Structures are given as C-alpha cells and as structure tokens.
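**Q** Here's a structure for you.
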Amino acid sequence: ARHLYICDFHKNLIQSVRNRRKRKGSDDDGDSPVQDIDTPEVVDLYQLQVNTLRRYKRHFKLQTRPGLNKAQLVEIIGCHFRTIPVNEKDTLTYFIYSVKNDKNKPDLKMDSGVH
C-alpha cells in the first residue's frame with residue numbers, strides 16, 4: 001500500500017481550524033451550514049498581477065467601466081471576493097482528498113483531443 005502524508009504545516013493548519021471551531025462552539029451538533037461558513041480574512045489582492053485581476057473580473061462577469069487601473073480593480077474585486085461564502089469544512093475535506101489522491105493539478109476534461 002502506498003501512503004501519502006500531509007506536511008506538518010498543513011496538519012497544524014487543519015488542527016488549528018478544528019480547535020478554533022470547537023472554541024467558537026455552540027450547543028448544536030455542528031452540522032449547521034451557517035456555523036461552517038466564514039467570511040475570508042484579509043487577502044492582499046495587490047499581490048496579484050493586473051492580468052490576473054482582469055481574468056477574475058471576466059470569470060465572474062463583474063460589470064465595470066473599461067480602462068480601470070490596478071487600484072480600482074483591487075477595490076471592485078475585493079468587494080466581490082468578500083461576498084463569496086466559504087464552507088470551511090468542505091474546502092478542507094476537498095483539500096485533504098486532493099492531497100491524498102495526488103491531485104495537485106486541475107483535472108482537464110478532454111477526450112484525447114477529439115471534440
């Protein structure tokens with residue numbers, strides 16, 4: 001059998017999230033989707049290239065005027081990004097599944113080049 005292990009950094013990250021969730025805790029069984037959805041913490045969108053910001057804008061079909069500079073794109077995309085709900089439990093589960101199954105590259109659904 002082949003065994004894959006999670007590095008210490010990600011193992012500690014997962015454990016800290018679990019501990020934080022227990023401390024927040026409530027008296028219910030924890031299956032409430034509202035409890036698992038968190039707003040993202042600070043993300044520095046200025047670290048991204050302008051082309052990446054434009055692709056994000058195009059992917060999510062954000063309506064803007066043409067010719068925006070980087071600061072304007074960051075502001076608009078930041079507002080949109082903060083509105084996206086994140087189910088932490090599902091995200092961590094998918095991440096662990098991907099690591100264990102060596103799926104570190106996105107799956108490309110192509111039938112040997114024939115369309």
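**Q** Ignoring everything but the protein chains, give the 1.4 Å probe accessible area of Tyr97 in square angstrom, nearest 10.
**A** In the full protein context, Tyr97 sits at about 120 Å².
**Q** Can you give me the accessible area per residue for the range 43-102, using a 1.4 Å probe, in Å²?
**A** Per residue, the range 43-102 has 76 Å² of solvent-accessible surface.
**Q** If you look at just the Cα atoms of the range 43-102, how large are its Rg and its Dmax in Å?
**A** In order Rg, Dmax, the Cα atoms of the range 43-102 give 14.6, 44 Å.
**Q** Leaving ligands, DNA and RNA out of it, report the carbon-plus-sulfur percent of the accessible area of the range 43-102 at a 1.4 Å probe.
**A** Here carbon and sulfur together make up 55 percent of the probe-accessible area.
**Q** I've got another one for you. Kindly sort Thr52, Thr93 by accessible area of their heavy atoms, largest first, with the probe set to 1.4 Å.
**A** Thr93, Thr52
**Q** Between His59 and Asp8, what is 0.36 nm times their sequence separation minus the Cα-Cα distance? Round to one decimal in nm.
**A** Between His59 and Asp8, full extension yields 15.0 nm more.
**Q** Any idea of His59's accessible area? Nearest 10 Å², probe 1.4 Å.
**A** 130 Å²
The values are calculated or read from the model by the stated rules, or taken from the named source; none is laboratory data. As the structure is a prediction and not an experimental result, all values here were calculated from the model. Accessible surface is based on the protein model in full, side chains and every heavy atom, while ligands, DNA and RNA are left aside. Shrake-Rupley method; radii C 1.70, N 1.55, O 1.52, S 1.80 Å.
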